[in-house]
Structures are given as C-alpha cells and as structure tokens.
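The values are calculated or read from the model by the stated rules, or taken from the named source; none is laboratory data. Keep in mind that what you see is a predicted model, and the values were worked out from it rather than measured. In this analysis, Cβ positions are derived from the backbone assuming ideal geometry, glycine residues included, and neighbour counts consider all displayed protein chains. Surface areas here come from the heavy atoms of the whole protein model, side chains and all, with no ligands, DNA or RNA. Shrake-Rupley method; radii C 1.70, N 1.55, O 1.52, S 1.80 Å.
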Amino acid sequence: MAGLADIIGLSGKINVQGENVQKMDEFANNTIKKRMSRCGYLCAIASEEEDDVVPVAEGYEGKYTLAIDPLDGSSNIDVNVSIGTIFSIHRRRSSLTMGQGTLEDLLQKGSEQVAAGYIIYGSSTMLVFTTGDGVQGFTLDPSVGEFYLSHPDMKIPERAKYFSINEGNSRFWDEGISRYVDYVKDVDEADGRPLSARYIGTLVSDFHRNLIAGGIFLYPKDKKNPQLPNGKLRLLYEAAPFAFLVQQAGGRAITGDGRNILNIVPESLHQRVPLIIGSKREVDMVENFLLGRV
Ligand code: AHG
Ligand code: MN
Ligand code: MN
C-alpha cells in the first residue's frame, strides 16, 4: 500500500494519448499488472488503462483471463470521495499449451464469467465478489491486514429506495428515461415513491449502496456525445461484472434496448454499453417505460 508521501505525490493528472489520466489510475494499473502477471493463474489481462491485451509474464501462463478497471471513480480521487477497483474473470478458451492468452479469450460474454467483484475504498475497505454461488462481502481489518466475511450471501432488496443517474444529462436523454425519472419522483406513498436521489459518480460506490439498501443505477445512452452512442460505461470491466454480481444477488441488469447485459458478446476490449442495473422490480419498471409498455 502506498505511504502518505506516495499518495500526495499521486494526486493530480498526467496526459496519456490526449486523455487526462490521474496518477493514481496509473499507479493502480501498474500495481495490479505487476502482481497479477506473475500469479500463475492468468493467461491475459485487459485493463481500462491499456489499449491492447496485456500479456502475463513468460512461464507464468495459467487458465484464466482477467479484465480490470484498476481505479473506478477517477474524478473522485482528488476530492476524497470513495473509489474502487472492479474485476472480471473468465476461463480461457484457447489451449493451455498455447501459453499466452489471446484477444478471443478475453472477448467472452458476461454469462461465462467464473468470478467477478469489486473492492470499495470507502469509510471501510470491502471486497465483494461472486463465483456464481451468491455474493459474499468481506471487510478489511487493517490491524490484522485480513478481509473478514462481514456480509454473507448478500441480496439486493427487490424494491428500490434510491435512484442514481447523472441528472445533468437530462436534456440529452431519450423520452423513456425522462418519463421514468419523472415517475420515480411522483408522490405515491403506497408504492414507496418518490424514491430518493443518490449519485456519487463512482459506479462501484453507487452500486454498493444500491446493493445494500435497494436501488437502481442508470447510465443510459444519450445524445450528449455523438462519439459515444452507447453511453459511457465499459462492457468488459464495468457493466458485465456488476451484471453478474447483481444477478447473483437477485437483481437484474439490462441495456434498455432489449438486451440483457450478460448475453452481449463483446466485439472489442473497450466496448461501451448503456447500463440499467439494480433492484429487480425497478429494472423491470424502467424496461416497461423504455419499451413503451407504460
Ligand atoms: P472511471 O473513473 O473508471 O473512468 O469510471 C468513471 C465512471 C463510473 O465510475 C461512474 O459511474 C461514471 O463514470 C460517472 O460518469 P459521469 O461523471 O458522466 O456521471
Ligand atoms: Mn470505471
Ligand atoms: Mn477507471
């Protein structure tokens, strides 16, 4: 773990390929790459911070692939708001005798994940993951340096208490999203509305809160940036791992245009998808609005 001096030195931005990357993003990426490329279990790594497939160290090739968002919530680093790390693991398709894994090993559907999870660096540090048999949450005890099982078999409440969406984009939303957001603000005591708004801007943290308290997170496609017709979030290391987690917790994740996140076959490493995820009843309701059933 970085010391205080390192952390102070890690604030601020650097410029990589014309994009602002926080120094902490780069630090997290390099740390994870270094540790995981010699763990012996992986054959290839995809990272949000790398254009191409990252090979593992020679002689350490294993049976699995790893897709990571090394540091999620970059805009919150310098303002001391919680951030996280997201991971997704698939079994390789190519033969182990091939050594290094391939792009095809990484471009697999979310439904084929063997494990997925996140670490949240908040008021405590937690590791939450699934291997396809429920969701388990562990809390770090810093005095011992170990994670303890604090949240066994996590289930997302079927009904949402919170809705999470960047309302600053509301002028660019499709009509169905606008109508749904109006609906959650309508007063209907018997139905538990209005929902409360909560938006952190770190997907890990918004998801974690909604997982525990019940909620819905939306990052829909919008008309703000024509270069990003599919919204902002990345399929391999943001949408798919959370879709696996939420399914295992009893919730649901969709794109809003008729697709289940877990069934999308990735075409490229950094593919983006619209994401609507959270409490099952609420995701069903958004779907009804978007498909014109309400
Ligand atoms: P990252 O920091 O890994 O680039 O991801 C940021 C993502 C996600 O964490 C968050 O939900 C979303 O960006 C927030 O985007 P807006 O600032 O556009 O709302
Ligand atoms: Mn992210
Ligand atoms: Mn990131």
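Taken over region 216-251, the criterion of being without any contact (Cβ under 8 Å) to a residue 24 or more places away in the chain, over 16 Å from the mean Cα position of the chain (by Cα) and more than 12 Å from ligand 1 (Cβ to nearest atom) is satisfied by PRO226, GLN227, PRO229. Screening ARG193 on (1) more than 23 Å from GLU158 (Cβ to Cβ); (2) in contact with a helix residue (DSSP H, G or I) (Cβ under 9 Å, 6 or more places away or on another chain); (3) open to solvent by 10 Å² or more (accessible area, probe 1.4 Å); (4) of a type outside the set (A, V, I, L, M) shows it passes everything except condition (1).
Quick one: in region 106-118, which of the residues that are touching a Phe, Trp or Tyr at 6+ places or on another chain (Cβ under 9 Å) and open to solvent by less than 40 Å² (accessible area, probe 1.4 Å) is nearest to LEU236 (Cα to Cα)? Residue satisfying both the conditions and the ranking: GLY110. With respect to the conditions (1) touching a Ser or Thr at 6+ places or on another chain (Cβ under 9 Å); (2) surrounded by fewer than 17 Cβ atoms within 10 Å (Cβ to Cβ); (3) touching a residue at least 12 places away in the same chain (Cβ under 8 Å), TYR162 falls short on a single one, namely (2). Number of residues in region 209-258 that are closer than 15 Å to PHE163 by Cα and either of a type in the set (Asp, Glu) or away from ligand 3 (no atom under 16 Å from the Cβ) (or both) equals 14. Across region 41-74, the qualifying residues are those that are in a strand (DSSP E or B) and out of contact with any helix residue (DSSP H, G or I) (no Cβ under 8 Å at 6 or more places or on another chain), and the one among them that is nearest to GLU112 (Cα to Cα) is TYR64. Taken over region 216-250, the criterion of being assigned to a loop (DSSP other than H, G, I, E, B), out of contact with any Phe, Trp or Tyr (no Cβ under 8 Å at 6 or more places or on another chain) and open to solvent by less than 10 Å² (accessible area, probe 1.4 Å) is satisfied by ALA249 alone.
Whenever a residue of region 197-215 is open to solvent by 20 Å² or more (accessible area, probe 1.4 Å) and among the basic types (Lys, Arg), its partners that are in a helix (DSSP H, G or I) and within 16 Å of ligand 3 (Cβ to nearest atom), lying with C-beta atoms within less than 9 angstrom and at least six residues away or across chains, give the pairs ARG198/ASP206.
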